[in-house]
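S.K.: Got a structure for you, questions after.
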Amino acid sequence: MDMDKIVSLCKRRGFLFQSSEIYGGLNGFWDYGPLGVELKRNLKEAWWRDMVAGHDDISTLPGAPSSYEMVGLDCTIIMHPQVWKVSGHYDLFVDKMVDCRTEGCKGRFRVDHIPSSECPLKPSKCPGAHDKCSLTEPRDFNLMFKTIIGALGGEEDAAFLRPETAQGIFVNFKNVLDSSRVRVPVGIAQIGKSFRNEITPRNFTFRSREFEQMEIEFFCHPSESRKWYEYWRNRRMKWWQDLGLSGSRLLLREHHADELSHYSIGTADIEYAFPFLPEGEFGELEGVAHRGDFDLRSHMEGKLDPNSKPNLQVQLGADGKPVHKGSGRDLTYRDDITNERFTPHVIEPSAGADRGALAILCEAYHEDSAPDDKGELQTRTVMKFHPRIAPVKAAIFPLVKKDGMPEVAQELYRALKKKFPVQYDEKGAVGRRYRRQDEIGTPYCLTIDGQTLTDQTVTLRDRDTLEQVRVKLADVVSEIEQRVSG
RNA sequence: GCGGGUGUAGCUCAAUGGUAGAGCAAUAGCCUUCCAAGCUAAAGACGAGGGUUCGAUUCCCUUCACCCGCUCCA
């Protein structure tokens, strides 16, 4: 599949534009056009409905150890700077890097990786070991966006744009428990923008500097956390499959032990074979991580020492005090039935909304052949979106622009428009109108023809099969409603 | 940040040291009774800045962006 064609269609039909394009663009930033915004909203709304608003907290869902509750949260992008110091981002998001100026090398190396890195010069040595090596001074690559709070603010008023939404959930954990009557096990969900100064933004929207996450922090009893991890891993995989990413291009990959973060007991990536990646390679769509009690403990006690695995200890400075002090608040949970007090363990399904939208765009793109009015096969570009995700749910056409057909079509259009995004089109040949809708992935087209005027039925044309069935005019709204929901 | 490539209309491309041409799309209208590329009309571009030159879209420099590779991705 050709990524260039997808990028071109996204621009041409208004799914995605480069940010600030009229000024030459900005590396790592992308805008959603009229169709793109509908697509992404549909994705986020499907996630929110399926994970949060529509969650059944009475039943035990298939694969779940028990019933559980789900609530939402929407917190600020800028938080107290201490949040990032305690979470570890402040220290871990800065890499010292050197570049080698030497002809034949021109490499870039992380300073802390130099001893295990290999310089391309022969004989094989580590960077800097050859006489010819010419390394720059180590320079900081800070992945967090810095900003200043206050109109008169200086460096001492520095703050950060969040690099993930998760921390906002951890620091509000106690607020949520105290205010909403929820009991562990409970998930707190949030959709929102995050920011990372990626060193090399690339591959369309895949690695952007401003991006949107859909995250759940799921709090549970430590003894049940492994079962919950497995539940969420499978649930999230199935969710993406149900949205149409069901082929061999979607992969659930469990991390090896040596790949795990210092606090994680298990992590699985849900990955998609994006067309811009080399054959056989997959890119991360969502990570489902078992984070143990790392985050809540950090925000209670202070930044934990990543080298103290498996029994994490607060990282102490030369003065014997915590390098980054925690809040000192008690974030443990008391089960008021068993009377047990514990620090909940956390399972974190963290999905990329932009990556999800991109995967859906890539998966939807198809070229097939369809006959024209002379019966000859023509190439057809069609976006095969799941009806639930499609930006436009239906299009309404009068077969011809006379005999009262436009009036009937417009009346139907108004009735449908009250329920969801639909388009009305009376321009040109009807075949051309069908193709236009195919290219933006509209799943259904409704055509008012001569027969409509006598028996009050219209044709309903399916985007993927090209088949038409006649539906009573009075039933169209409920018919489309039923087809595009879930 | 380094190396290589690219940048002309909404999209895909062409030509040229004397201010650019096409196809498709889009717009208005015509024709059309079910799967685009029929007809008519009008509209639309040299990524940005600087330099050389009588004159730059073309040559040079800088910059921005995109693609490939190196690097990075907690």
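S.K.: Under 17 Å between alpha carbons, and skipping anything fewer than 8 positions from A:K418 in its own chain: which aspartates and glutamates qualify?
M.R.: A:E38, A:D475, A:E479, A:E481
S.K.: How much of the accessible area of chain A, in percent, comes from carbon and sulfur atoms when a 1.4 Å probe is used?
M.R.: Solvent-exposed carbon and sulfur of chain A make up 48 percent of the total.
S.K.: Considering Cα pairs under 8 angstrom that are at least six residues apart, work out the relative contact order of chain A and quote it in whole percent.
M.R.: Rounded, it is 12 percent for chain A.
S.K.: Counting other C-beta atoms within 10 Å, and keeping those with at most 14, which DSSP coil GluC sites (Glu not before Pro) do you find in the range A:358-459?
M.R.: Loop-located and lightly packed - A:E376.
S.K.: Against the longest principal axis of chain A, how steep is helix A:405-417, in degrees 0 to 90 to the nearest 10, with axes from Cα atoms?
M.R.: 30 degrees
S.K.: What residues qualify as long-range amide H neighbours of A:L26, i.e. H under 5 Å apart, gap of 5 or more or another chain, H built at 1.01 Å from N?
M.R.: For A:L26, the qualifying residues are A:S19.
S.K.: Could I ask something else about it? At 1.4 Å probe size, with every protein chain present, just tell me what the per residue accessible area of the range A:368-486 comes to in Å².
M.R.: 50 Å²
S.K.: Take the alpha carbon gyration tensor of the range A:392-484, find the square roots of its eigenvalues, order them as a ≥ b ≥ c, and report rounded if a/c is under 1.5; if not, report prolate when a/b exceeds b/c, else oblate.
M.R.: Rounded, because the longest to shortest axis ratio a/c is under 1.5.
S.K.: Next up: Could you work out the helix-only [θ] at 222 nm for chain A, with each DSSP H run of four or more residues adding -39,500 (n - 2.57) and the total divided by the number of residues, to the nearest 500 deg cm²/dmol?
M.R.: -7500 deg cm²/dmol
S.K.: Calculate the translational D of chain A in whole µm² s⁻¹ from Stokes-Einstein, where the hydrodynamic radius comes from the Kirkwood formula applied to all Cα pairs, the temperature is 20 °C and the viscosity 1.002 mPa s.
M.R.: In µm²/s, the coefficient is 83.
S.K.: Quick one: if the Förster radius is 41 Å, what FRET efficiency do A:M3 and A:A151 give, using the C-beta to C-beta distance and rounding to 0.05?
M.R.: So the FRET efficiency works out to roughly 0.40.
S.K.: Count neighbours as other Cβ atoms within 10 Å of each site's Cβ, and list the GluC sites (Glu not before Pro) in the range A:262-306 that are DSSP loop with at most 10 such neighbours.
M.R.: A:E279, A:E281
S.K.: On a 0 to 90 degree scale, rounded to 10, what angle separates helix A:225-242 from the longest Cα axis of chain A?
M.R.: 30 degrees
S.K.: What is the set of long-range amide H partners of A:T267 at a cut-off below 5 Å, with H atoms built 1.01 Å from backbone N?
M.R.: Close amide H contacts, sequence-distant or interchain: A:H255, A:H290.
S.K.: Right, something else. How long are the semi-axes of the equivalent ellipsoid of the range A:223-291, taking √(5λ) for every eigenvalue λ of the Cα gyration tensor, in whole Å from largest down?
M.R.: Over the Cα atoms of the range A:223-291, the ellipsoid semi-axes are 23, 16, 7 Å.
S.K.: Still on this structure, please answer the following. With the cut-off at 1.5 for a/c, could you classify the range A:261-402 from its C-alpha gyration tensor as rounded, prolate or oblate?
M.R.: Because a/c hits 1.5 or more and a/b exceeds b/c, the range A:261-402 counts as prolate.
S.K.: Once the Cβ-Cβ distance between A:Q482 and A:F17 is put in as r, and R0 is 35 Å, what FRET efficiency do you end up with, to the nearest 0.05?
M.R.: 0.55
S.K.: For a protection proxy built on the mean count of beta-carbon atoms within 10 angstrom, sort A:307-319, A:467-479, A:345-357, A:6-18 highest first, please.
M.R.: A:345-357, A:6-18, A:467-479, A:307-319
S.K.: Okay, next question. Taking the Cα centre of each part, how many Å lie between the range A:316-388 and the range A:268-290?
M.R.: A separation of 12 Å, based on Cα centres.
S.K.: Ranked by accessible surface with a 1.4 Å probe, highest first, in what order do A:D330, A:D91 come?
M.R.: Ranking A:D330, A:D91 by accessible area, largest first, yields A:D330, A:D91.
S.K.: Given R₀ = 45 Å, FRET efficiency for A:T454-A:R249 by Cβ-Cβ distance, to 0.05?
M.R.: The computed FRET efficiency comes out at 0.40.
The values are calculated or read from the model by the stated rules, or taken from the named source; none is laboratory data. Here the structure is a predicted model, which means the values were calculated and not measured. Positions of Cβ are generated from backbone atoms using ideal geometry, with glycine treated the same way; all protein chains shown enter the neighbour counts. Just so you know, the surface numbers come from the protein's heavy atoms only, side chains and all, with ligands and any DNA or RNA stripped out. Shrake-Rupley method; radii C 1.70, N 1.55, O 1.52, S 1.80 Å.
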